[in-house]
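Some notes on the structure that comes next.
None of the figures in this text is laboratory data; all of them are computed from the coordinates on show. Nothing here was measured: the structure is a model prediction, and the numbers come from that model. Quick reminder, even Gly has a Cβ in these numbers, built from the backbone with ideal geometry, and neighbours come from all protein chains shown.
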Amino acid sequence: MRKNKEGYLSQINVTPFVDVMLVLLIIFMITAPMLQKGVEVKLPRVKKAPVIQLKEEPLVITMKRKGTIYLNSHTFPLEKLKVKLKALHKEVPQKKVLVRAAGRVAYERVLRVLAAAREAGFTQVGLVTAPYKEVKR
């Protein structure tokens, strides 16, 4: 370490900076998977649903029991959802769309959302279900 005329060190100590950056890295590694979960909804259960592996992140439409519709994590009424889906189809026409609806959502409402995705031009639209669990009596 060298000292200049006044006797001060002219080097920067980077150890505290590295410590802070490592702590931030750990925090982001822990919180990132939690942020990707999306909207919580109780999915219907089926016995023999196929498991599909997706290579890219799909558009996820979630329907809550009380009527709220989410596109990824943003709320949309049905008419605005149609407009948003059309705009997204122009940007990425080959994107897959998954519809997650709570088990008690009316069939007609689910079909309207499916129809909105198809009208926007998406051809790969699917429904998400949860695995079936046998109830022991």
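Here are the numbers for this structure:
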{"item": "Of 83, 130, 58, farthest towards positive along the dipole that unit charges on Lys, Arg, Asp, Glu beta carbons give segment 45-131", "result": "130"}
{"item": "Distance histogram in 5 Å bins (all Cα pairs of segment 57-137, percent per bin)", "result": "3, 15, 28, 25, 14, 7, 4, 3, 1, 1, 0"}
{"item": "26 Å Cα-Cα threshold exceeded, pairs from 42/90; 55/84; 66/90; 64/95; 66/95", "result": "42/90; 66/90; 66/95"}
{"item": "Gained length - residue 32 relative to residue 20, 0.36 nm times residue gap less alpha-carbon distance", "result": "2.5 nm"}
